[in-house]
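Below is one structure, written out as structure tokens; comments come after it.
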Amino acid sequence: MNIELKVNGQARSLEVEPRTLLADAIRDQLGLTGTHVGCDTSQCGCCTVHLDGQAVKSCTMLAVQAQGRSIVTIEGLAPGSGRQTDFTTGNATPDMASLHPVQQAFSACHGLQCGFCTPGMIMATVDLLKRHPDPSDEQIREGLAGNLCRCTGYVNIVAAVKVAAQQIRSAA
């Protein structure tokens, strides 16, 4: 089955089986591996993407359901993000100044450890901050309740959300 959709601002055409999950199409056919699959049951939130501006868990949605819709993955969150070379390792690293404020805050506040849940947490946080620009701790915890982190105690994640909220409000 052929589907047309917009992914990270680009029109894309995919040939998928009707049973293909959106997460699998994003990862396997589009090569956007920042969208992680952790559970296949919508429990962990690692697969969170934005569909027409709202956070959804892409492991519980069929790719055909995205026909004609717009998807933003973690790779498209800061479309102008450049890369710079870390001269100590020779590896390309994200240019921090060009990352989305939520990505910057998660890095600055150490809101990640292994990083597996981080893309889903960031995508859920962006959605949360659209709905609650100045969230309370309770709103943050409720807004991220569908995203599990097995490494942190969530303290730094909550701190990162607060820092990102402040940065976004200051920029507005």
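Just so it is clear, none of the values below were taken in a lab; they were calculated from the coordinates. No experiment lies behind these values; they were computed from the predicted model shown. No Cβ is skipped: glycine too gets one built from the backbone with ideal geometry, and neighbour counts run over all protein chains shown.
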Q: Would you mind telling me the antiparallel percentage of the DSSP bridges in the chain, rounded to 5?
A: 90 percent
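Based on other C-beta atoms within 10 Å, arrange 57, 162 from fewest to most. Spell out each step's value before the answer.
Values: 57 24, 162 17.
By the 10 Å Cβ count, ascending: 162, 57.
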Q: Could you pull out every residue, at least 5 positions away or on a different chain, whose amide H is within less than 5 Å of the one on residue 100? Hs are placed 1.01 Å off N in the peptide plane, and Pro or chain starts have none.
A: 78
Q: Measure off 7 Å from each Cα along the Cα-to-Cβ vector at residue 108 and residue 70, then give the distance between these two points in nanometres to one decimal.
A: 2.7 nm
Q. Dipole of the chain (Lys/Arg Cβ +1, Asp/Glu Cβ -1, origin at the Cα centre): which of 47, 129, 73 lies farthest to the positive side?
A. 129
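Step by step: find N for the chain, compute 2.2 N^0.38 Å, then divide the Cα radius of gyration by it. What's the final number? It would help to have the intermediate numbers written out before the result.
Working: Rg = 16.1 Å, N = 172, 2.2 N^0.38 = 15.6 Å.
Its radius of gyration relative to the 2.2 N^0.38 Å reference: 1.03.
When N counts the residues of the range 2-76, how does its alpha-carbon radius of gyration compare numerically with 2.2 N^0.38 Å, as a ratio? Display every interim value, and only then the final one.
Details: Rg = 10.8 Å, N = 75, 2.2 N^0.38 = 11.3 Å.
Normalised Cα radius of gyration, the range 2-76: 0.95.
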Q. Calculated FRET efficiency, residue 170 and residue 138, Cβ-Cβ r, R0 25 Å, to nearest 0.05?
A. 0.65
Q. With the contact rule set at Cα under 8 Å and sequence spacing of 6 or more, what percent relative contact order holds for the chain?
A. 23 percent
**Q.** Helix 155-171 vs. the chain, principal-axis angle (Cα, 0 to 90°, nearest 10)
**A.** 90 degrees
Q. If you add up the charges near residue 6, with Lys and Arg at +1 and Asp and Glu at -1, over every other residue whose beta carbon is less than 15 angstrom from its beta carbon, what do you get?
A. -1
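Note down the magnitude of the dipole of the chain about its Cα centre, charges +1 on Lys and Arg C-beta and -1 on Asp and Glu C-beta and zero elsewhere, to the nearest 20 debye.
Working: 13 positive and 15 negative charges, 40 e Å.
It works out to roughly 200 debye.
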